[in-house]
1. What percentages make up the Cα-Cα pair-distance distribution of region 32-110 when the bins are 10 Å wide from 0?
2. State, to one decimal in nm, how far the label point of GLN46 lies from the label point of THR144, with both points 7 Å from Cα in the Cβ direction.
3. Distance in nm between label sites at ASP9 and PHE131, each 7 Å beyond Cα in the beta-carbon direction?
4. Quick one: which residues, 5+ away or cross-chain, put their amide H under 5 Å from the amide H of VAL78? H built at 1.01 Å from N.
5. How high is the FRET efficiency from HIS111 to ALA84, r the C-beta distance, R0 45 Å, rounded to 0.05?
6. Fewest to most neighbouring Cβ within 10 Å: what's the order for LEU128, LEU54?
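Where a number appears in this text, it was derived from the coordinates with a stated rule and is not lab data. All of these numbers come straight from a predicted model, not from anything done at the bench. Heads up, the Cβs are rebuilt from the backbone with ideal geometry, glycines too, and the neighbour counts pull from every protein chain shown.
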Amino acid sequence: MQVDQGYLDFFLIRVCRAHHRLARQSLHAIGLHRGQPPLMFALGVQEGLTHSDLAEKMEVTPAAVSNMVKRLEHAGFVLRRRDAEDERVSRVYLTDAGRAIHSEMAAIARHVSDATFAGFTEEERTLLREFLNRIQDNLQRAVTPGQPHSGPGMPGEGSGSGHRARRQDDRSFGRRQLRGSSGRDSGLR
């Protein structure tokens, strides 16, 4: 039986959306949005990063980081301080509340991973990891460097700046789930 490639694309999108819903629902319980844990984890490793530093680590735009920092600051999880040597630069730090939810974020990541891969053997997880890494590599090769994606569908559709930032946040969180922030495959274990 030959499987239609369009169907596989559609199915992959459905799986990603279901994962999105579970992650969003789980993170909402502690006052976070789906794209925010990578920023919080990055600050847990090294506080005082600039917006540009965070954008580079998370593979998103500085504007996306700026919006995340504003939301997290409003929620009381981070604060910004002017750099002592260059007042044009602001650095981001966790608050006590931000530090306190780190264990909850890790528990949520485990919960989402456990729910996602329930019933998979270690061999199946390893095989899936290999397939997903190949898909990611294929997609990265297909993307034209320096060309922003302009909307929710194909290039050229919609205005998209907000959608682009969210999609980049999604990809970053998904990659962290798949490979872990240290590069190991923690999300599939």
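1. 19, 56, 22, 2
2. It is 3.3 nm.
3. A separation of 1.8 nm, rounded to one decimal place.
4. Amide H to amide H, under 5 Å and 5 or more residues apart or across chains, VAL78 pairs with GLU73, THR95.
5. Working: r = 40 Å, r/R0 = 0.89.
Approximately 0.65, to the nearest 0.05.
6. Arranged by neighbour count, lowest to highest, LEU128, LEU54 become LEU128, LEU54.
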